Amino acid sequence: MDSQSRKHTLSAAGVLVAMGIIYGDIGTSPIYTLRFVVGSRLVSEELILGGLSLVFWTLTIITTIKYVYMALSADNKGEGGIFALYALVRRYKAGWVIFPAILGCCTLIADGFMTPAMSVTSAVEGIKTLMPEISDQTIITIVIIILVALFIFQQFGSSVVGKTFGPVMMVWFVFIGAIGAYHLSFNLAVLKAINPSYGVSLLIKYPGGFWILGAIFLCTTGAEAMYSDLGHCGKSNIRLGWGFVKLCLLLSYFGQGAWLLSTYEGKELGDTIPFFSMMPDWLLIFGVIIATMATVIASQALISGTFTLVNEAMKLKLWPATRVRYPSQMKGQIYIPAINWILMFGCILVVIFFKKSDDMQAAYGLAITVNMLMTSALLVYYFATVKKSTIRSSVLALVFFSIEGAFLISNLSKFSHGGWFSGSIALAFFLMMFILLRARELRDRHTEFVDLKHYVPMIQDLQADASIPREATNLVYMAVADSKRYIDSNIIYSIFKKRPKKADVYWFVHVDTVDSPYSSKYSVDTIVPKKCFFVRIKLGFKADHRVNLLFAKILHDMAENAEIDLVSHYDSLRKHSMPADFKFVMLHSLASVDSEISTFDNVIIQGYRFIKKHSLSTEEMYGLELANVEVETVPIMVGPAAKVRIKREKEELEREKELKYHGHIN
C-alpha cells in the first residue's frame, strides 16, 4: 500500500489531518453567524429558535447530505472539486458543462479575497470584549499584520506548520463545543429548534424573515472545501471527522442561542459579540487567541486551495500561464506567486475598505452561493449521465436548486451593501476565462491538419540535402495534433516553407490533459526509424506538467531501448561522448490580418493578445531551456478571407497599347 493510499484509509491520523485542512472555514463560522442573524433586531424567542432551526437544517441538508454524502460519492479517482467533477462529465460532450466549472472557479477565487479578511477580523474583534477601549484602527492594524505575515509565509510552504493545524483545530472544536454545551445546559428548551417548523415560521411570519437567509448561509460557507480537498484526506476520514465537527458546531450555536435568550431577550445586541461575550473573563484571552489561530488556519487552507484550483485551471488551459513553484516535497504542495500577492492586496483592500466584520458580511456569501449552485448543476448532470440515476438527479435538482436559489435571492439583497465587491471580482475572472476559452475554440476550429505520410519523403530528402545547413541535431515541435497520422499545417509550414529547417531527427510532441487526476503516461510512434518520432504525453489535471523533465525521461528510455542515439552527431564532440543537441521550436498562432471576422471575435482576439502579453510564455510554463528555444509566429485564418477588389485603370491600359504599337515597349 503506497503512502497516498494509507493517507486515504480511515484512521485517527487521517481524521486529524482533515481537521487541519478541511474544516477551518466552516469551523470558524460560529464566531459571527448568529451575531449577523440577530443584527440590529431585538432578541426574541421567535428569532433565536427560528435562526437555530435554519442553521441546523442548513448544516444537515447542504453540508451533510449534499457535500459529505453526495458530492464525496462523485469523486474522480479519489479527487474532488469543481474541476474534478467537470473532468468526470465533459466526456459526455455536453458543451455547457464548462460554464458551471469556470463560474464555480471564479466565485471560489472571489471568496478567497473575502474569507481571510472576514475570518481574521471577526476573531481579532474579540479583543474588544476584553479591552472595550481599543480603537477600530488598532484592530485593523493587527488584522493587516496577521494577513501580511500569512501571505509572506506561503512561499516557504506549510508542510512543517501544517502538522500542527490538526491538533489546533481539534482543540478549537472541543473548546467551542464545551462552551456551547455549558450554556445549553441552562436552557435545554432551545433544542426544540430542531423542529423545522420554527425555521419555516421565521421565514414566513417574521418581518423581513426571508432576508435573514443571507446571514444563515454563513454557517455553511466552507462546505465546498470538503469536496475540493477530498484528495488530501479521503472520504472516510472526512465523513467521520464531520460527525464530530457538526456536533461541536451545533453545541456552539445552540449554546449561543441559550445565552442570548437568557441575557438579551427583548434587547438589541449593539456591539456585543455573543461568541466572546458568553465566555467567562478568565477564559476570554485564551478564546481570542485560539479563535485567531483557527481563522489563520482556515485562511491558510483557503489560500492553498486557491493555488490548487488555479493550477488545475492552467492545465485545462482555462487560466493564463502563471509561474508555479514547489516549496516542499509534500505531494500537491504548490505556490503561485502572482495569485498569492493578488490575494494579499485584495484582502488588505477588503479590511481597509469595509473596516468591520459587520460590513464585510455584506460582501461575504454572495459569490460562494453561486459556486454551490454551479456544483449542484454539475452533480445533477453527473448522477443523470454517469450514474444513470434519474430519480436521484431529479430529487437533487428540486431540493438543492430550491434551497440554494433561495439563499442566492436572499444574498442578492447584500449586493448594493458590498456584494458588488466579490461579484465584480468573480465577473472579471469569468470574462478572462471566457476569453481564453473562446480564443482556444477559434484556434482549434481554424487550425488545419495535413496527412503526415505525404510529407515523409520530403522530410527524408531534406535530411539528405547537403546544400542546406543543419538547424539542429534534434528539432522538437510542440504539436496541437494528437496522433501520428495528421500534423499541424503550421509545423509543415515552419519546416519547409518559412525557412527550410534541416535536422537529423524530428520530434513532434503533443501534451494532452486527461480526466484522470494524476495520470502521467506517454506513447511514441515512429514515423521514420531513428529519424522522426511522434510523442504523445498524457498528464492528469493535477499532475506536474514539467514537460522538459518528462521529455528528458522519455529520451532516456528510448536510448536504453536503442531507438535513438543521444550522443552528439558532430565528429569532434562525439569522440568525447558529448550529448546530442536539441532545439525546441514554439509556434505561436496569430490571427491573420487577411481574415474577415466579426466584431465579437475581434474583441476576443484582442483580449487574448492582452492576456498572453501579461502571462507566462508557453515555453517557460513547460520548463524548457530558453537558450534552446526558438519562437515563431504563424498567421492563421480565423474567418473567411477578406474580399478585396481592384482593377486596372482603362486609360493606363490604352496608353500602354499605344506605346507598344509605336515601338516604345518591346
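Observations on the structure shown:
- Test result for Ser422, open to solvent by 40 Å² or more (accessible area, probe 1.4 Å), among the hydroxyl-bearing types (Ser, Thr, Tyr), closer than 21 Å to Gly214 by Cβ and in contact (Cβ under 8 Å) with a residue 40 or more places away in the chain: no
- Qualifying residue in the stretch 360-372 (condition: in contact with a Leu (Cβ under 6 Å, 6 or more places away or on another chain), open to solvent by 30 Å² or more (accessible area, probe 1.4 Å) and among the hydrophobic types (A, V, I, L, M, F, W, C)): no
- Unique match (being open to solvent by less than 10 Å² (accessible area, probe 1.4 Å), small (Gly, Ala, Ser), modelled with pLDDT of 85 or more and farther than 18 Å from Gly112 by Cα) among Ser394, Ser376: Ser376
- Residues that are over 16 Å from Val55 (Cβ atoms) and crowded, with 24+ Cβ neighbours inside 10 Å, drawn from the stretch 235-278: Asn237, Ile238, Gly241
- Yes/no for Ala367 being within 18 Å of Leu427 (Cα to Cα), over 13 Å from the mean Cα position of the chain (by Cα), of a type in the set (Gly, Ala, Ser) and not in a helix (DSSP H, G or I): no
- The criterion of being open to solvent by 30 Å² or more (accessible area, probe 1.4 Å) and in a helix (DSSP H, G or I) does not hold for Thr306.
- Here is the figure for the stretch 380-403: residues that are in contact with a helix residue (DSSP H, G or I) (Cβ under 6 Å, 6 or more places away or on another chain) and within 30 Å of Leu203 (Cα to Cα) total 6.
- For the stretch 52-98, the candidate set comprises residues that are open to solvent by less than 10 Å² (accessible area, probe 1.4 Å) and aromatic (Phe, Trp, Tyr); within that set, the residue that is nearest to Ala215 (Cα to Cα) is Tyr67.
- Count of residues meeting criterion [touching an Asp or Glu at 6+ places or on another chain (Cβ under 9 Å) and at pLDDT below 90] in the stretch 272-300: 3
- Tally of residues being closer than 25 Å to Asn602 by Cβ, assigned to a helix (DSSP H, G or I) and not aliphatic (A, V, I, L, M) across the stretch 425-458: 10
- Cross-chain or 6+ apart pairs with Cβ under 9 Å, the stretch 599-626 first and in contact (Cβ under 8 Å) with a residue 12 or more places away in the chain, then surrounded by fewer than 13 Cβ atoms within 10 Å (Cβ to Cβ) and assigned to a helix (DSSP H, G or I): Gly607/Leu431; Ser617/Leu626; Glu619/Leu626; Glu620/Leu626; Gly623/Leu549
- Qualifying residue in the stretch 154-170 (condition: under 30 Å from Leu431 (Cβ atoms) and either aromatic (Phe, Trp, Tyr) or within 28 Å of the chain's Cα centre (by Cα) (or both)): yes
- Residue check, Lys355 on the phi > 0 side of the Ramachandran plot, at pLDDT below 90 and within 15 Å of the chain's Cα centre (by Cα): no
- Scanning the stretch 322-352 for residues that are among the polar types (S, T, N, Q) and either modelled with pLDDT of 85 or more or under 21 Å from Phe430 (Cβ atoms) (or both) yields Thr322, Asn340.
Every residue, every condition in (1) small (Gly, Ala, Ser); (2) over 18 Å from Asn340 (Cβ atoms); (3) within 16 Å of the chain's Cα centre (by Cα), yes or no:
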site: Trp96; (1), (2), (3): no, yes, no
site: Leu108; (1), (2), (3): no, no, yes
site: Gly112; (1), (2), (3): yes, no, yes
site: Met118; (1), (2), (3): no, yes, no
site: Thr121; (1), (2), (3): no, yes, no
site: Glu125; (1), (2), (3): no, yes, no
site: Lys128; (1), (2), (3): no, yes, no
site: Met131; (1), (2), (3): no, yes, no
site: Ile134; (1), (2), (3): no, yes, no
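- Some residue of the stretch 336-352 being part of a loop (DSSP other than H, G, I, E, B) and either open to solvent by 10 Å² or more (accessible area, probe 1.4 Å) or of a type outside the set (Val, Ile, Thr) (or both): no
- Qualifying residue in the stretch 601-623 (condition: in a strand (DSSP E or B) and either open to solvent by 90 Å² or more (accessible area, probe 1.4 Å) or at pLDDT 70 or above (or both)): no
- Residue in the stretch 478-487 that is modelled with pLDDT of 90 or more and of a type in the set (Val, Ile, Thr) present: no
- Within the stretch 220-234, residues that are closer than 19 Å to Ile334 by Cβ sit with their Cβ atoms under 7 Å from residues that are of a type in the set (Val, Ile, Thr) and open to solvent by 10 Å² or more (accessible area, probe 1.4 Å), at 6+ positions apart or across chains, in these pairs: Asp229/Ile21; His232/Ile21; Cys233/Val17; Cys233/Ile21.
- Scanning the stretch 520-545 for residues that are outside any strand (DSSP E or B), out of contact with any Ser or Thr (no Cβ under 7 Å at 6 or more places or on another chain) and buried (at least 17 other Cβ atoms within 10 Å of the Cβ) returns Lys542, Asp544, His545.
- The requirement of being surrounded by fewer than 24 Cβ atoms within 10 Å (Cβ to Cβ), outside any helix (DSSP H, G or I) and not aromatic (Phe, Trp, Tyr) is not satisfied by Ala384.
- Single residue of Ile409, Ile403 found to be surrounded by 15 or more Cβ atoms within 10 Å (Cβ to Cβ) and at negative phi: Ile403
The values are calculated or read from the model by the stated rules, or taken from the named source; none is laboratory data. Just so we're clear, the structure is a prediction, and the values are computed from it rather than from any experiment. Quick reminder, even Gly has a Cβ in these numbers, built from the backbone with ideal geometry, and neighbours come from all protein chains shown. Areas reflect the complete protein model, heavy atoms only, side chains present, ligands, DNA and RNA absent. Shrake-Rupley method; radii C 1.70, N 1.55, O 1.52, S 1.80 Å.
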